[in-house]
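Visitor: There's a structure below that I have some questions on.
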Amino acid sequence: MKKSIYLFTLLIIVLSSVTLFGQDDEANIRITGTNIHYEPDDWITYSMTRWVNSLAVGREFIYVATSGGILLYNLYANKWERPWTISDGLPDNFIVCVAYDEATDNVWCSTPLGVSVYRTTWRIWENLFKDEFGLFRGDDIVSFGFDGQFVWLESKDGEYFRSENQQVSFSRKTSDVIPYEHIRWFGQRDVSLKKLPELFMHGGYFIDPNGIIKDFRLDDYDITCFSSDPWNSIWVGSWGLGVGKADARIKILELLPQGLFLNNVVAFEFDDNGNIWAGGIGIYNGQSGITFWDYENDSFNYYQARFNNTLYSDQVTSIAIDESFIWFGTEYGLLRYNPSKDKWKTYDSGLGLRDNYILDVEVDDNNVWIATSLGLCQLDKNKMTQKDYRIRDVAEKDILNMKVYDIEITHNLLWIGTEYGLYIYDKFKKTGGFEDDAHGPQNDEIFDVGILEDKEIWVGLADGVEVFDLKTESWKGVPAKRFNTSMSINYIVVDEAAAWLATDEGVLKYDKDRKRWRTFTMEDGLPSNVVNCIALDGDYVWFGTPEGLTSFLWNSLYRID
């Protein structure tokens with residue numbers, strides 16, 4: 001009877017997987033567990049996972065607690081699996097500690113919000129928040145222990161809690177009743193770097209006697225944890241270099257890079273091979289960089305401005321890709337990267353840019369079009385290698401010194417979102433003008449433009465969207481106006497089936513066949529309600545957010561959103 005009551009209680013918890021304690025305030029959103037309306041792989045978030053707090057060896061996986069979720073390394077397949085994050089039901093992506101209970105096959109972890117357990121049999125997360133078991137807000141659980149019957153928690157401030165291992169019902173305990181010698185500990189209580197065996201590294205890295213990895217640039221990365229698996233491998237976690245693996249006999253530690261360099265994804269693009277370039281704004285522990293993700297081989301390369309004097313800034317605002325180059329708009333100029341030669345070049349105001357702060361970059365066969373905070377610029381790709389070549393201003397009579405947010409291209413036309421309306425420029429005739437139809441947005445700020453080739457132009461405003469029909473050359477207004485679309489639009493992508501709109505309050509999807517709107521938020525699987533950018537990828541749609549890059553299986557056979 002007790003087991004039936006427990007199962008029913010757990011089902012109620014899971015079904016109400018998100019609790020809102022304040023509208024539009026992510027700090028007050030409580031994700032209480034996995035959203036069972038989706039399959040486990042419907043939502044997947046990839047974030048910044050080089051900063052490791054702890055690790056645990058399980059039957060099948062190495063579990064790694066990072067700043068961007070839990071990494072899983074498959075010991076049998078010898079590869080990384082996709083990570084566990086907020087998208088899977090965790091309350092936070094920052095994982096303080098992770099632990100594995102052999103008796104139940106469950107995985108436990110702690111976050112700044114409380115503790116969580118993954119029920120392996122049911123493939124669901126269940127979360128318990130600090131105030132629900134009496135832990136002070138400023139304290140964190142830093143160690144888990146298992147004795148076959150109970151789960152033990154130890155906090156940073158020396159508090160102890162205990163629960164039966166099949167439940168999440170903790171009571172406070174004093175240290176004198178804890179059978180330390182019979183408990184298998186994970187986290188800080190398990191860590192003793194004095195026991196770390198002597199290891200060596202290639203590639204300009206070495207480990208000093210204090211448990212710090214140093215590189216040839218004299219940067220330091222603390223070793224935060226280590227453990228051994230049944231295959232005689234030593235696993236090492238570091239603060240800034242991610243996870244390393246060493247054969248205990250050879251003792252050569254090899255780094256296994258995984259995850260984005262920054263979690264704040266402001267821009268990303270797929271290349272022709274399906275690989276991903278991602279960048280954003282921000283610094284974490286004094287570092288920033290651009291990510292290249294070889295998707296098929298699941299390998300990562302990072303590019304940092306501080307190590308390359310031809311890469312002036314790695315604070316990325318936009319990305320565009322053509323046959324030969326990757327183009328990045330940054331906070332300090334336009335970057336051009338040649339993958340075949342591994343060479344960078346920066347174009348700044350000294351080479352003709354109207355302003356170094358770039359808001360958007362688009363490319364066509366012959367030109368790079370650059371949106372800045374002081375107007376629109378053009379780089380001629382056929383002339384850029386000429387000595388003393390300079391970037392030129394575009395439509396300077398109309399939009400010089402005007403903030404240009406976005407550029408989209410259809411045939412000979414540029415559709416340009418500015419702070420004073422939609423500007424249309426014919427790149428062949430080199431003439432343009434503002435769209436001034438009384439039924440359109442007129443002088444409104446246009447933050448983004450989405451185009452369905454030869455059919456529709458969607459423009460994102462501070463208070464919603466407007467749609468222009470290219471066939472009738474008329475403004476259609478907001479589809480299905482009964483739905484509230486009066487929120488500021490960050491990004492738009494459109495195809496035959498739907499329009500996807502990124503906002504600071506989630507993602508809006510307009511289903512053209514059903515003529516209805518649908519909102520996706522953290523309740524569904526987004527790691528943040530703030531969404532910076534979107535890209536369509538067949539049955540999947542990808543979202544760039546401040547908490548990472550998220551893929552969503554929108555075209556599921558078993559689900560109608």
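The values are calculated or read from the model by the stated rules, or taken from the named source; none is laboratory data. Bear in mind the structure is a predicted one, so any value in this text is a computation, not a measurement. Note: ideal-geometry Cβ built from the backbone for every residue, glycine included; neighbour counts use all protein chains shown.
Visitor: Assigned to a loop (DSSP other than H, G, I, E, B), touching a Leu at 6+ places or on another chain (Cβ under 7 Å) and not β-branched (Val, Ile, Thr): is that true of Asp444 in this structure?
Guide: yes
Visitor: So if I check each of Phe150, Phe170, Phe144, which one is in contact with a helix residue (DSSP H, G or I) (Cβ under 6 Å, 6 or more places away or on another chain) and surrounded by 15 or more Cβ atoms within 10 Å (Cβ to Cβ)?
Guide: Phe170
Visitor: Within region 243-288, restricting attention to residues that are part of a loop (DSSP other than H, G, I, E, B) and basic (Lys, Arg), which residue is nearest to Asn529 (Cα to Cα)?
Guide: That would be Lys251.
Visitor: Right, here's the next one. Search region 65-89 for residues being of a type in the set (Ser, Thr, Tyr) and touching a strand residue (DSSP E or B) at 6+ places or on another chain (Cβ under 6 Å), and hand back the single one that is farthest from Tyr118 (Cα to Cα).
Guide: Ranking the candidates gives Ser67 first.
Visitor: OK, next. Taking only region 302-355 into account, find how many residues are assigned to a loop (DSSP other than H, G, I, E, B) and aromatic (Phe, Trp, Tyr).
Guide: 3
The rows are residues; the columns are (1) under 29 Å from Ser238 (Cβ atoms); (2) without any contact (Cβ under 8 Å) to a residue 40 or more places away in the chain; (3) among the hydroxyl-bearing types (Ser, Thr, Tyr).
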{"site": "Gly279", "(1), (2), (3)": "yes, no, no"}
{"site": "Ala305", "(1), (2), (3)": "yes, yes, no"}
{"site": "Ile326", "(1), (2), (3)": "yes, no, no"}
{"site": "Leu353", "(1), (2), (3)": "no, yes, no"}
{"site": "Asn367", "(1), (2), (3)": "no, no, no"}
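Visitor: Considering only residues that are in contact with a Leu (Cβ under 6 Å, 6 or more places away or on another chain) and in a strand (DSSP E or B), look in region 85-115 and name the one that is surrounded by the fewest Cβ atoms within 10 Å (Cβ to Cβ).
Guide: Per the criteria, the residue is Gly114.
Visitor: Just one of (1) more than 24 Å from His37 (Cα to Cα); (2) touching a helix residue (DSSP H, G or I) at 6+ places or on another chain (Cβ under 6 Å) trips up Ala462, so point out which.
Guide: Answer for Ala462: the failing condition is (2).
Visitor: Mind counting the residues in region 227-242 that are in contact (Cβ under 8 Å) with a residue 60 or more places away in the chain and part of a strand (DSSP E or B)?
Guide: The total comes to 6.
Visitor: Same structure again: Considering only residues that are aromatic (Phe, Trp, Tyr) and surrounded by fewer than 16 Cβ atoms within 10 Å (Cβ to Cβ), look in region 173-200 and name the one that is farthest from Ile213 (Cα to Cα).
Guide: Result: Tyr180.
Visitor: Could you please let me know if Glu473 is of a type in the set (Asp, Glu), assigned by TED's automatic domain parsing to the domain that holds Glu505 and free of Cβ contacts under 8 Å to residues at least 24 places away in the same chain?
Guide: yes
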